[in-house]
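Here is the structure we will look at.
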Amino acid sequence: MLKINFFPLLFVKRTIYHAIKSINESPTLYSIPSARISSGQMQAWIIYYYGDNQQFTLSDSVQVPIILSPKDVLIKVLSSSINPIDIRRREGYGGRLIDTYQSMKNILQLGGNQLNKLQFPLILGRDFCGEIIRKGPKVTKFNIGDKVYGALNVTRQGSFAQYCSAGEDEICLKPNNISDEEASALPLVSLTSWCAIRKFSGFNEENSFGKRALLIGASGGVGHIATQLLKNLGMEITALCRSDSFDYIRQIGAEDAVNYRQKDWFVELSRKPKYDFIFDTVGPRYYTFEFMSSLLNRGGTFVTIVTPIFRNVDKYGLISGLSRTAYQATKQTLTGWSNGINYRWAYYSADGNVLNEIKKLVEQNKLKIKIDSNKFSFENIPDAISYVENGHAKGKVVIQYSSFR
Ligand SMILES: NC(=O)c1ccc[n+]([C@@H]2O[C@H](COP(=O)([O-])OP(=O)(O)OC[C@H]3O[C@@H](n4cnc5c(N)ncnc54)[C@H](OP(=O)(O)O)[C@@H]3O)[C@@H](O)[C@H]2O)c1
(Lines give C-alpha, C1' and ligand atoms only; values in the text may rest on other atoms or scores of the structure.)
Protein backbone atom coordinates (compact mmCIF):
# COMPACT_ATOMS: atom_id res chain seq x y z
CA MET A 1 0.00 0.00 0.00
CA LEU A 2 1.31 3.47 -0.81
CA LYS A 3 1.95 5.88 2.02
CA ILE A 4 2.68 9.62 1.83
CA ASN A 5 5.86 10.86 3.49
CA PHE A 6 4.72 13.31 6.16
CA PHE A 7 8.15 13.44 7.80
CA PRO A 8 8.47 17.27 8.09
CA LEU A 9 5.01 17.57 9.66
CA LEU A 10 5.70 14.57 11.86
CA PHE A 11 8.95 16.16 13.03
CA VAL A 12 7.12 19.26 14.28
CA LYS A 13 4.35 17.12 15.78
CA ARG A 14 6.87 14.87 17.55
CA THR A 15 8.76 17.87 18.92
CA ILE A 16 5.61 19.21 20.55
CA TYR A 17 4.51 15.74 21.69
CA HIS A 18 7.83 14.94 23.36
CA ALA A 19 8.03 18.34 25.00
CA ILE A 20 4.54 17.91 26.50
CA LYS A 21 5.29 14.30 27.48
CA SER A 22 8.44 15.36 29.28
CA ILE A 23 6.48 17.94 31.29
CA ASN A 24 4.22 15.15 32.53
CA GLU A 25 7.09 12.80 33.26
CA SER A 26 9.43 15.14 35.10
CA PRO A 27 7.44 17.52 37.32
CA THR A 28 10.24 20.08 37.29
CA LEU A 29 13.97 20.06 37.61
CA TYR A 30 13.70 21.36 41.18
CA SER A 31 11.39 18.66 42.46
CA ILE A 32 14.10 16.04 41.92
CA PRO A 33 17.09 17.48 43.74
CA SER A 34 18.61 14.05 44.29
CA ALA A 35 18.91 13.65 40.52
CA ARG A 36 20.97 16.81 40.17
CA ILE A 37 24.25 15.09 40.47
CA SER A 38 27.40 16.97 39.77
CA SER A 39 30.87 15.79 40.56
CA GLY A 40 33.37 18.28 39.38
CA GLN A 41 35.18 18.19 36.11
CA MET A 42 36.16 15.84 33.34
CA GLN A 43 38.27 15.65 30.21
CA ALA A 44 36.50 16.19 26.90
CA TRP A 45 37.24 17.15 23.33
CA ILE A 46 35.31 20.38 22.77
CA ILE A 47 34.74 22.83 19.92
CA TYR A 48 34.03 26.53 20.43
CA TYR A 49 33.16 27.20 16.77
CA TYR A 50 32.01 25.15 13.82
CA GLY A 51 34.77 24.46 11.29
CA ASP A 52 37.55 22.04 10.44
CA ASN A 53 39.53 19.66 12.65
CA GLN A 54 41.57 22.57 14.04
CA GLN A 55 38.53 23.50 16.14
CA PHE A 56 39.07 20.61 18.56
CA THR A 57 40.52 21.43 21.98
CA LEU A 58 41.20 18.87 24.70
CA SER A 59 39.95 20.37 27.94
CA ASP A 60 40.30 18.87 31.42
CA SER A 61 37.86 21.29 33.03
CA VAL A 62 34.51 20.45 31.42
CA GLN A 63 31.64 20.00 33.84
CA VAL A 64 30.53 16.38 34.25
CA PRO A 65 26.97 16.14 32.76
CA ILE A 66 24.20 16.95 35.22
CA ILE A 67 21.37 14.45 35.34
CA LEU A 68 18.40 16.65 34.42
CA SER A 69 15.78 13.96 34.05
CA PRO A 70 14.91 11.38 36.74
CA LYS A 71 15.15 8.68 34.06
CA ASP A 72 18.69 9.63 32.95
CA VAL A 73 21.91 7.83 33.80
CA LEU A 74 25.49 9.06 33.97
CA ILE A 75 27.91 6.88 32.03
CA LYS A 76 31.67 6.56 32.28
CA VAL A 77 32.69 6.15 28.63
CA LEU A 78 34.98 3.18 27.92
CA SER A 79 34.99 3.37 24.15
CA SER A 80 33.40 5.34 21.30
CA SER A 81 33.46 5.34 17.50
CA ILE A 82 33.45 7.83 14.63
CA ASN A 83 30.47 8.43 12.34
CA PRO A 84 30.03 10.84 9.41
CA ILE A 85 27.56 12.82 11.59
CA ASP A 86 30.49 13.77 13.89
CA ILE A 87 32.28 15.36 10.95
CA ARG A 88 29.11 17.08 9.67
CA ARG A 89 28.24 18.41 13.15
CA ARG A 90 31.76 19.77 13.56
CA GLU A 91 31.10 21.72 10.34
CA GLY A 92 27.82 23.10 11.73
CA TYR A 93 25.38 20.69 10.11
CA GLY A 94 21.98 20.71 11.82
CA GLY A 95 22.93 23.48 14.26
CA ARG A 96 19.90 25.67 13.62
CA LEU A 97 17.27 22.96 13.84
CA ILE A 98 18.80 21.27 16.87
CA ASP A 99 19.00 24.59 18.72
CA THR A 100 15.39 25.46 17.87
CA TYR A 101 14.20 22.04 18.99
CA GLN A 102 16.16 22.34 22.22
CA SER A 103 14.87 25.86 22.93
CA MET A 104 11.24 24.79 22.39
CA LYS A 105 11.76 21.87 24.72
CA ASN A 106 13.34 24.09 27.36
CA ILE A 107 10.59 26.68 27.18
CA LEU A 108 7.92 24.02 27.64
CA GLN A 109 9.83 21.95 30.16
CA LEU A 110 11.79 24.47 32.20
CA GLY A 111 9.84 27.69 31.83
CA GLY A 112 12.37 29.34 29.55
CA ASN A 113 15.48 28.17 31.39
CA GLN A 114 18.27 27.67 28.85
CA LEU A 115 20.09 25.05 30.94
CA ASN A 116 19.61 22.32 28.40
CA LYS A 117 20.46 24.31 25.27
CA LEU A 118 23.25 22.80 23.22
CA GLN A 119 25.55 25.78 23.55
CA PHE A 120 29.23 26.04 22.73
CA PRO A 121 31.52 24.56 23.71
CA LEU A 122 30.06 21.47 22.05
CA ILE A 123 31.10 17.91 22.75
CA LEU A 124 30.76 15.75 19.63
CA GLY A 125 30.54 11.95 19.41
CA ARG A 126 27.34 9.90 19.32
CA ASP A 127 28.37 6.25 19.87
CA PHE A 128 29.56 4.89 23.19
CA CYS A 129 30.04 1.82 25.31
CA GLY A 130 30.40 2.57 28.99
CA GLU A 131 29.58 1.83 32.58
CA ILE A 132 26.69 3.37 34.52
CA ILE A 133 28.06 5.26 37.50
CA ARG A 134 25.00 7.25 38.61
CA LYS A 135 21.29 7.12 37.95
CA GLY A 136 18.23 9.30 38.39
CA PRO A 137 15.59 8.25 40.94
CA LYS A 138 13.16 6.88 38.33
CA VAL A 139 15.66 4.62 36.53
CA THR A 140 14.38 1.05 36.88
CA LYS A 141 15.98 -0.87 34.01
CA PHE A 142 19.65 -0.51 34.98
CA ASN A 143 21.93 -0.66 37.97
CA ILE A 144 25.14 1.12 38.86
CA GLY A 145 28.02 -0.84 37.31
CA ASP A 146 26.03 -2.12 34.29
CA LYS A 147 27.93 -2.00 31.00
CA VAL A 148 25.72 -0.40 28.37
CA TYR A 149 25.97 0.79 24.78
CA GLY A 150 24.07 3.37 22.77
CA ALA A 151 24.04 6.29 20.35
CA LEU A 152 23.27 9.67 21.90
CA ASN A 153 20.53 11.75 20.32
CA VAL A 154 21.86 14.82 18.52
CA THR A 155 20.25 17.07 21.13
CA ARG A 156 22.63 15.77 23.81
CA GLN A 157 26.27 16.63 24.42
CA GLY A 158 28.45 13.87 23.04
CA SER A 159 30.62 10.93 23.97
CA PHE A 160 34.08 12.31 23.14
CA ALA A 161 34.35 12.89 26.89
CA GLN A 162 35.08 10.95 30.05
CA TYR A 163 31.34 10.91 30.91
CA CYS A 164 28.07 11.31 29.06
CA SER A 165 24.41 11.14 30.05
CA ALA A 166 21.55 9.26 28.39
CA GLY A 167 17.95 8.30 29.10
CA GLU A 168 17.32 4.76 30.30
CA ASP A 169 15.04 4.17 27.27
CA GLU A 170 17.86 5.17 24.91
CA ILE A 171 20.43 2.57 25.98
CA CYS A 172 20.83 -1.18 26.37
CA LEU A 173 23.12 -3.67 28.09
CA LYS A 174 26.09 -4.33 25.81
CA PRO A 175 26.15 -7.66 23.91
CA ASN A 176 28.09 -10.09 26.09
CA ASN A 177 30.13 -11.78 23.33
CA ILE A 178 31.97 -8.72 21.95
CA SER A 179 34.54 -6.23 23.22
CA ASP A 180 33.75 -2.72 24.48
CA GLU A 181 35.30 -1.34 21.28
CA GLU A 182 33.08 -3.47 19.05
CA ALA A 183 30.03 -2.54 21.12
CA SER A 184 30.79 1.16 20.73
CA ALA A 185 30.96 0.82 16.93
CA LEU A 186 27.50 -0.75 16.64
CA PRO A 187 24.81 1.61 17.92
CA LEU A 188 24.36 4.44 15.41
CA VAL A 189 24.78 2.33 12.27
CA SER A 190 22.55 -0.43 13.67
CA LEU A 191 19.81 1.91 14.87
CA THR A 192 19.82 3.65 11.49
CA SER A 193 19.68 0.39 9.51
CA TRP A 194 17.00 -1.13 11.72
CA CYS A 195 14.84 2.02 11.67
CA ALA A 196 15.16 2.42 7.88
CA ILE A 197 14.29 -1.22 7.13
CA ARG A 198 11.67 -1.93 9.77
CA LYS A 199 10.16 1.29 11.10
CA PHE A 200 10.19 3.43 7.96
CA SER A 201 9.88 0.76 5.25
CA GLY A 202 7.80 -1.79 7.16
CA PHE A 203 9.83 -4.94 6.38
CA ASN A 204 9.79 -7.76 8.91
CA GLU A 205 9.98 -11.56 9.25
CA GLU A 206 6.48 -11.99 7.81
CA ASN A 207 6.75 -10.00 4.59
CA SER A 208 10.39 -10.07 3.44
CA PHE A 209 11.41 -13.61 2.52
CA GLY A 210 12.58 -13.90 -1.10
CA LYS A 211 12.16 -10.15 -1.82
CA ARG A 212 14.88 -8.46 -3.83
CA ALA A 213 16.83 -5.59 -2.26
CA LEU A 214 19.39 -3.17 -3.70
CA LEU A 215 21.77 -1.58 -1.19
CA ILE A 216 23.49 1.62 -2.30
CA GLY A 217 26.73 2.00 -0.30
CA ALA A 218 26.58 -1.59 0.95
CA SER A 219 30.12 -1.76 2.30
CA GLY A 220 29.88 1.40 4.44
CA GLY A 221 29.11 1.66 8.16
CA VAL A 222 25.32 1.61 7.75
CA GLY A 223 25.48 -0.49 4.56
CA HIS A 224 27.30 -3.52 5.99
CA ILE A 225 24.90 -3.73 8.94
CA ALA A 226 21.89 -3.27 6.64
CA THR A 227 23.19 -6.07 4.39
CA GLN A 228 23.21 -8.48 7.33
CA LEU A 229 19.79 -7.35 8.63
CA LEU A 230 18.25 -7.83 5.17
CA LYS A 231 19.94 -11.23 4.87
CA ASN A 232 18.48 -12.23 8.25
CA LEU A 233 15.03 -11.34 6.86
CA GLY A 234 15.62 -13.68 3.91
CA MET A 235 16.01 -11.02 1.22
CA GLU A 236 18.06 -11.46 -1.94
CA ILE A 237 20.60 -8.63 -1.96
CA THR A 238 22.45 -6.75 -4.69
CA ALA A 239 25.23 -4.59 -3.27
CA LEU A 240 26.36 -1.37 -4.96
CA CYS A 241 29.92 -0.79 -3.74
CA ARG A 242 33.58 -0.77 -4.87
CA SER A 243 34.87 -3.95 -6.48
CA ASP A 244 37.49 -4.42 -3.74
CA SER A 245 34.60 -4.92 -1.28
CA PHE A 246 32.91 -7.65 -3.36
CA ASP A 247 34.41 -10.62 -1.45
CA TYR A 248 33.54 -9.13 1.92
CA ILE A 249 30.02 -8.13 0.94
CA ARG A 250 29.28 -11.62 -0.46
CA GLN A 251 30.66 -13.16 2.72
CA ILE A 252 28.11 -11.22 4.82
CA GLY A 253 25.13 -12.08 2.65
CA ALA A 254 24.90 -10.26 -0.69
CA GLU A 255 24.18 -12.55 -3.67
CA ASP A 256 25.23 -10.03 -6.26
CA ALA A 257 27.46 -6.93 -6.42
CA VAL A 258 27.90 -4.02 -8.82
CA ASN A 259 30.88 -1.67 -8.84
CA TYR A 260 29.72 1.95 -8.64
CA ARG A 261 33.14 3.08 -9.88
CA GLN A 262 32.74 1.45 -13.29
CA LYS A 263 31.40 3.75 -16.02
CA ASP A 264 28.08 2.10 -16.80
CA TRP A 265 27.05 0.66 -13.45
CA PHE A 266 23.53 1.96 -14.10
CA VAL A 267 23.26 -0.03 -17.36
CA GLU A 268 24.31 -3.16 -15.48
CA LEU A 269 21.70 -2.49 -12.78
CA SER A 270 18.97 -1.79 -15.36
CA ARG A 271 19.49 -5.26 -16.87
CA LYS A 272 18.84 -7.06 -13.60
CA PRO A 273 15.40 -8.21 -12.43
CA LYS A 274 13.57 -5.42 -10.63
CA TYR A 275 13.79 -4.84 -6.89
CA ASP A 276 11.20 -4.68 -4.11
CA PHE A 277 13.35 -2.50 -1.89
CA ILE A 278 16.13 0.04 -2.46
CA PHE A 279 18.07 1.24 0.58
CA ASP A 280 20.17 4.31 -0.15
CA THR A 281 23.02 5.34 2.19
CA VAL A 282 24.76 7.65 -0.28
CA GLY A 283 22.28 10.33 -1.33
CA PRO A 284 21.28 11.89 -4.62
CA ARG A 285 24.68 13.23 -5.70
CA TYR A 286 25.37 10.29 -8.00
CA TYR A 287 21.97 9.22 -9.28
CA THR A 288 18.45 10.50 -9.75
CA PHE A 289 15.45 9.26 -7.87
CA GLU A 290 13.74 8.76 -11.23
CA PHE A 291 16.48 6.31 -12.29
CA MET A 292 16.33 4.40 -9.01
CA SER A 293 12.52 4.25 -9.23
CA SER A 294 12.84 2.61 -12.63
CA LEU A 295 14.65 -0.30 -10.93
CA LEU A 296 11.76 -0.94 -8.54
CA ASN A 297 8.74 -3.18 -8.93
CA ARG A 298 5.36 -1.49 -8.60
CA GLY A 299 4.56 -1.30 -4.90
CA GLY A 300 8.31 -1.31 -4.10
CA THR A 301 9.93 0.95 -1.48
CA PHE A 302 12.80 3.41 -1.82
CA VAL A 303 14.28 4.59 1.48
CA THR A 304 17.13 7.05 1.93
CA ILE A 305 18.99 8.07 5.08
CA VAL A 306 20.56 11.08 3.37
CA THR A 307 17.84 13.68 3.83
CA PRO A 308 17.85 17.46 3.19
CA ILE A 309 16.09 18.71 6.33
CA PHE A 310 19.14 19.82 8.39
CA ARG A 311 20.93 21.27 5.37
CA ASN A 312 17.85 23.22 4.23
CA VAL A 313 17.31 24.77 7.66
CA ASP A 314 21.04 25.58 8.00
CA LYS A 315 21.00 27.29 4.61
CA TYR A 316 17.58 28.97 4.44
CA GLY A 317 16.54 29.39 8.07
CA LEU A 318 13.80 27.64 10.00
CA ILE A 319 10.62 28.65 8.18
CA SER A 320 11.99 28.68 4.66
CA GLY A 321 14.13 25.57 5.27
CA LEU A 322 11.22 23.57 6.65
CA SER A 323 8.94 24.77 3.85
CA ARG A 324 11.46 23.71 1.21
CA THR A 325 11.89 20.37 2.94
CA ALA A 326 8.14 19.82 3.07
CA TYR A 327 7.92 20.74 -0.63
CA GLN A 328 10.74 18.33 -1.56
CA ALA A 329 9.23 15.51 0.50
CA THR A 330 5.79 16.04 -1.01
CA LYS A 331 7.18 16.25 -4.56
CA GLN A 332 9.23 13.05 -4.21
CA THR A 333 6.36 11.26 -2.52
CA LEU A 334 3.90 12.23 -5.25
CA THR A 335 6.41 11.34 -8.01
CA GLY A 336 6.93 7.97 -6.36
CA TRP A 337 3.21 7.58 -5.89
CA SER A 338 2.47 8.22 -9.56
CA ASN A 339 4.95 5.42 -10.39
CA GLY A 340 3.52 3.09 -7.74
CA ILE A 341 6.52 3.50 -5.41
CA ASN A 342 6.75 4.24 -1.69
CA TYR A 343 9.31 6.96 -1.05
CA ARG A 344 10.72 7.38 2.46
CA TRP A 345 13.24 9.35 4.47
CA ALA A 346 14.65 7.53 7.46
CA TYR A 347 16.70 8.66 10.42
CA TYR A 348 18.03 7.09 13.58
CA SER A 349 16.73 7.72 17.04
CA ALA A 350 18.20 6.45 20.29
CA ASP A 351 16.03 3.48 21.19
CA GLY A 352 16.93 0.89 23.82
CA ASN A 353 14.39 -1.63 22.48
CA VAL A 354 16.00 -1.63 19.04
CA LEU A 355 19.45 -1.92 20.63
CA ASN A 356 18.15 -4.96 22.49
CA GLU A 357 17.12 -6.59 19.19
CA ILE A 358 20.61 -5.81 17.85
CA LYS A 359 22.18 -7.31 21.00
CA LYS A 360 20.23 -10.55 20.44
CA LEU A 361 21.38 -10.81 16.82
CA VAL A 362 25.01 -10.16 17.81
CA GLU A 363 24.86 -12.78 20.57
CA GLN A 364 23.39 -15.30 18.09
CA ASN A 365 26.28 -14.51 15.71
CA LYS A 366 23.81 -13.20 13.11
CA LEU A 367 25.29 -9.71 13.06
CA LYS A 368 28.93 -8.70 13.08
CA ILE A 369 30.44 -5.23 13.07
CA LYS A 370 33.48 -4.58 10.89
CA ILE A 371 36.22 -2.66 12.69
CA ASP A 372 39.14 -0.86 11.06
CA SER A 373 42.47 -2.34 12.12
CA ASN A 374 43.76 1.11 13.09
CA LYS A 375 42.69 1.89 16.66
CA PHE A 376 42.90 5.35 18.21
CA SER A 377 43.08 6.52 21.80
CA PHE A 378 40.93 9.21 23.42
CA GLU A 379 43.88 11.62 23.19
CA ASN A 380 43.93 11.16 19.38
CA ILE A 381 40.26 11.69 18.55
CA PRO A 382 40.94 14.51 16.03
CA ASP A 383 43.39 12.17 14.21
CA ALA A 384 40.73 9.47 14.11
CA ILE A 385 38.27 11.95 12.63
CA SER A 386 40.68 13.07 9.90
CA TYR A 387 41.49 9.41 9.17
CA VAL A 388 37.78 8.82 8.47
CA GLU A 389 37.36 12.17 6.71
CA ASN A 390 40.21 11.36 4.33
CA GLY A 391 38.58 8.08 3.29
CA HIS A 392 41.19 5.73 4.82
CA ALA A 393 38.82 3.71 7.01
CA LYS A 394 38.12 0.06 6.17
CA GLY A 395 35.39 -0.48 8.71
CA LYS A 396 34.27 1.44 11.76
CA VAL A 397 36.97 3.43 13.52
CA VAL A 398 36.91 2.96 17.29
CA ILE A 399 38.37 5.03 20.11
CA GLN A 400 39.80 3.38 23.22
CA TYR A 401 39.50 5.32 26.48
CA SER A 402 42.15 3.25 28.26
CA SER A 403 43.69 6.23 30.06
CA PHE A 404 40.49 6.54 32.17
CA ARG A 405 40.16 2.90 33.23
N1 LIG B 1 19.47 9.76 8.63
C2 LIG B 1 20.21 9.31 9.63
O3 LIG B 1 19.75 9.22 10.79
C4 LIG B 1 21.61 8.85 9.35
C5 LIG B 1 22.25 8.02 10.26
C6 LIG B 1 23.54 7.56 9.96
C7 LIG B 1 24.17 7.98 8.80
N8 LIG B 1 23.53 8.84 7.96
C9 LIG B 1 24.18 9.30 6.73
O10 LIG B 1 24.30 8.16 5.89
C11 LIG B 1 25.48 8.25 5.12
C12 LIG B 1 26.27 6.94 5.24
O13 LIG B 1 26.70 6.75 6.57
P14 LIG B 1 27.79 5.64 6.89
O15 LIG B 1 28.06 5.68 8.34
O16 LIG B 1 27.40 4.36 6.28
O17 LIG B 1 29.04 6.24 6.08
P18 LIG B 1 30.33 5.47 5.51
O19 LIG B 1 30.77 4.43 6.47
O20 LIG B 1 31.29 6.53 5.11
O21 LIG B 1 29.81 4.70 4.21
C22 LIG B 1 29.48 5.33 3.03
C23 LIG B 1 29.65 4.28 1.93
O24 LIG B 1 29.14 4.78 0.70
C25 LIG B 1 30.00 4.32 -0.34
N26 LIG B 1 29.83 5.18 -1.51
C27 LIG B 1 30.33 6.41 -1.72
N28 LIG B 1 29.91 6.86 -2.93
C29 LIG B 1 29.13 5.88 -3.47
C30 LIG B 1 28.41 5.75 -4.68
N31 LIG B 1 28.40 6.71 -5.59
N32 LIG B 1 27.70 4.63 -4.89
C33 LIG B 1 27.69 3.63 -3.98
N34 LIG B 1 28.37 3.69 -2.81
C35 LIG B 1 29.08 4.81 -2.56
C36 LIG B 1 31.37 4.37 0.27
O37 LIG B 1 32.20 3.46 -0.42
P38 LIG B 1 33.76 3.80 -0.64
O39 LIG B 1 34.35 4.04 0.70
O40 LIG B 1 34.22 2.56 -1.29
O41 LIG B 1 33.80 4.99 -1.54
C42 LIG B 1 31.10 3.90 1.70
O43 LIG B 1 31.21 2.50 1.77
C44 LIG B 1 26.24 9.48 5.61
O45 LIG B 1 25.97 10.55 4.72
C46 LIG B 1 25.62 9.76 6.96
O47 LIG B 1 25.69 11.12 7.31
C48 LIG B 1 22.26 9.28 8.20
Worksheet item: Is segment 243-256 home to any residue that is in contact with a Ser or Thr (Cβ under 6 Å, 6 or more places away or on another chain), without any contact (Cβ under 8 Å) to a residue 40 or more places away in the chain and of a type in the set (Val, Ile, Thr)?
Response: yes
Discussion item. Can you find a residue that is at pLDDT below 95, away from the ligand (no atom under 13 Å from the Cβ) and not small (Gly, Ala, Ser) anywhere in segment 246-266?
Written reply: yes
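Within 16 Å of the ligand (Cβ to nearest atom), part of a helix (DSSP H, G or I) and farther than 30 Å from Gln41 by Cβ - does that describe any residue in segment 315-328?
Let us first name the residues in segment 315-328 that are within 16 Å of the ligand (Cβ to nearest atom), namely 325, 328.
Okay, now just the ones that are also part of a helix (DSSP H, G or I), so 325, 328.
Checking which are farther than 30 Å from Gln41 by Cβ leaves us with 325, 328.
Yes: one or more hits.
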Fill in: From the options Asn353, Asn339, residue that is surrounded by fewer than 22 Cβ atoms within 10 Å (Cβ to Cβ), at pLDDT 95 or above, away from the ligand (no atom under 16 Å from the Cβ) and not assigned by TED's automatic domain parsing to the domain that holds Asp180
Asn353
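Tell me which strands (runs of 3 or more DSSP E) are completely within segment 40-153 and hold 2 or more residues being within 16 Å of the ligand (Cβ to nearest atom) and buried (at least 22 other Cβ atoms within 10 Å of the Cβ), or say none if there are none. So that I can check it myself, show each step before the final result.
Details: elements: 41-47, 56-63, 72-81, 127-135, 147-151.
By residue number, 72-81, 127-135, 147-151.
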Practice prompt. Show the residue pairs that are 6+ apart or on different chains and have beta-carbon atoms under 8 Å apart, the first residue being within segment 275-286 and near the ligand (Cβ under 6 Å from one of its atoms) and among the hydrophobic types (A, V, I, L, M, F, W, C), the second being at pLDDT 95 or above and not in a loop (DSSP other than H, G, I, E, B).
Written response: Val282/Ile216
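Inspect all residues belonging to segment 303-314 and state whether any of them is under 24 Å from Asn83 (Cα atoms), of a type in the set (Lys, Arg) and surrounded by fewer than 14 Cβ atoms within 10 Å (Cβ to Cβ).
If we filter segment 303-314 for residues that are under 24 Å from Asn83 (Cα atoms), which is where we start, we get 303-314.
Imposing the further condition that a residue be of a type in the set (Lys, Arg) reduces the set to 311.
If we keep only those that are surrounded by fewer than 14 Cβ atoms within 10 Å (Cβ to Cβ) as well, we get none.
No, segment 303-314 contains no residue that is under 24 Å from Asn83 (Cα atoms), of a type in the set (Lys, Arg) and surrounded by fewer than 14 Cβ atoms within 10 Å (Cβ to Cβ).
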Practice prompt. Those residues that are modelled with pLDDT under 95 and away from the ligand (no atom under 16 Å from the Cβ), I need them from segment 362-405; list them, please.
Written response: Lys375, Ser402, Ser403, Phe404, Arg405
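When you look at Ser373, is it hydroxyl-bearing (Ser, Thr, Tyr), closer than 19 Å to Ile82 by Cβ and surrounded by fewer than 22 Cβ atoms within 10 Å (Cβ to Cβ), yes or no? Explain how you work it out, then say what you get.
Numbers: hydroxyl-bearing (Ser, Thr, Tyr): yes; closer than 19 Å to Ile82 by Cβ: yes; surrounded by fewer than 22 Cβ atoms within 10 Å (Cβ to Cβ): yes.
Judged against the criteria, Ser373 is a match.
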Item to complete: Filter segment 213-239 down to residues that are touching a helix residue (DSSP H, G or I) at 6+ places or on another chain (Cβ under 7 Å), of a type outside the set (S, T, N, Q) and near the ligand (Cβ under 6 Å from one of its atoms), then give me how many there are.
Response: 3
Item to complete: Could you grab the pairs with beta carbons closer than 7 Å, sequence gap of 6+ or different chains, first residue in segment 300-321 and over 20 Å from Cys195 (Cβ atoms), second one among the acidic types (Asp, Glu) and within 14 Å of the ligand (Cβ to nearest atom)?
Response: none
Discussion item. I'm told Leu68 meets every condition in (1) in the same structural domain as Ile171 (by TED's automatic domain parsing); (2) modelled with pLDDT under 50; (3) not small (Gly, Ala, Ser) except one. Can you identify the failing condition by its number?
Written reply: (2)
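The values are calculated or read from the model by the stated rules, or taken from the named source; none is laboratory data. Being a predicted model, the structure only gives us computed values, none of them experimental. Note that we place each Cβ from the backbone using ideal geometry, even for glycine, and neighbour counts take in every protein chain shown.
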